[in-house]
Amino acid sequence: MQHYNSLEAIHLQNAWLTIGIFDGVHRGHQEILRALISGARGAGEPAVVLTFSPHPAVVLGGKSDFKYLTTPDERVDLLGSLGVDVVITQAFDHALANQTASEFMHKLVNALNLRHLIIGYDTALGRGREADAARLQEIGNELGFSVQVVPALADSAGILSSTRIRRAILAGNVSAAASDMGRTFFVTGPVVHGDGRGHTINIPTANIQIPRDKIMPAYGIYACRAWVGGKPYLAATSVGIRPTFYTEPAAPTIEAHLLDFHQNLYGRQVKLEFIEYLRPEEKYDTVEALLAQIQKDIEKIKVILG
């Protein structure tokens, strides 16, 4: 899989293309990607995804606190794992947002020699989201590409979307998020030094630093699977502000106790998959009471993931 950071850096022939943010690369996105990849393979042409960073909501909506399900790098890796040939992560800014759909599609045709465009049911391109599927087909008739619309993926709870998944994660419902994504929700980051308290109570934890704009699950205790150097370990994970040890509000952290792991983790990358929410974060009167609860959590995690 090839990855480019600008349209100006690429020149392809007869590309099949889909356009979107694809935050989370969830099951709804995967329907679009399946249509793209199978069609491109059948035609013997490249399957291309054009995505944007930052999210238009950040640039146009002023949402500086926007939280992503996947970082740009995670998104690229997930798209590649599904069989996409080329990913373009185009910088989204006001200049791009002010282009008409016709201007933008001309650029895509020149860069990709675009032959077929596959879009989701709610895709709209160009200044003020001017071009829906019908308008894009008009542009396609002028420029020589066809347009295919993939319908929404829905269930009894409504249309599956990145927004719905964010709500589930913020509520701690990581199992519902996993069902919608078709995979477990995960965070990845280096292990950094914390206050070292875990070692003093014989429950060493890895303090995982994640990007500021990556979504964090609701405060609580989770059954997780931690990946270190390509190997999985069971992990009891705390997300929150450690109220037993801090009387004043502390910065939220993600701390994972890896079962049966006895190596130094500082500076190493850890991927943490959130499997199941166990309980809310609680304040305990004594460290002994906290330790007793942690042991119960560990036994429960062994049952859930064992």
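Under the rule a/c < 1.5 gives rounded, and otherwise a/b versus b/c splits prolate from oblate, where does region 44-136 land using the Cα gyration tensor?
Judged from the Cα gyration tensor, region 44-136 comes out oblate (a/c at least 1.5, b/c at or above a/b).
Take region 84-153, drop everything but the C-alpha atoms, weight them equally and run the Debye formula without solvent; then report log10 I(q)/I(0) at 0.17, 0.19, 0.27 Å⁻¹ to two decimals.
Results for region 84-153 at q = 0.17, 0.19, 0.27 Å⁻¹ read -0.64, -0.81, -1.42.
Once you have the Kirkwood Rh of region 227-294 from its Cα pairs, apply Stokes-Einstein at 20 °C and 1.002 mPa s and quote D in µm²/s.
156 µm²/s
Arranged from highest to lowest average of other beta-carbon atoms within 10 Å per residue, in what order do the peptides 24-36, 266-278, 178-190, 291-303 appear?
24-36, 178-190, 266-278, 291-303
For the chain, what Kirkwood radius comes out of the mean inverse Cα-Cα distance, in Å?
21.3 Å
Could you work out how far apart the two model spin labels at ILE210 and ARG167 are, taking each label as a point 7 Å from the Cα in the direction of the beta carbon, and quote it in nm?
2.0 nm
At 222 nm, what value in deg cm²/dmol follows for the chain if DSSP H runs of at least 4 each add -39500 (n - 2.57) and the sum is divided by all its residues, to the nearest 500?
-9500 deg cm²/dmol
Among DSSP bridges having both ends in the chain, what percentage is antiparallel? Round to the nearest 5.
Close to 60 percent.
Among the listed pairs LYS107/LYS214; LYS63/LYS214; LYS231/LYS302; LYS231/LYS300, which have their C-alpha atoms separated by more than 23 angstrom in this model?
LYS107/LYS214
For region 143-182, what is one quarter of the convex hull surface built on the Cα atoms, given in nm²?
4.0 nm²
We did not get these values from a lab; they are worked out from the coordinates using the rules stated. Remember, it's a predicted structure, so these values are computed and weren't measured experimentally. Note that we place each Cβ from the backbone using ideal geometry, even for glycine, and neighbour counts take in every protein chain shown.
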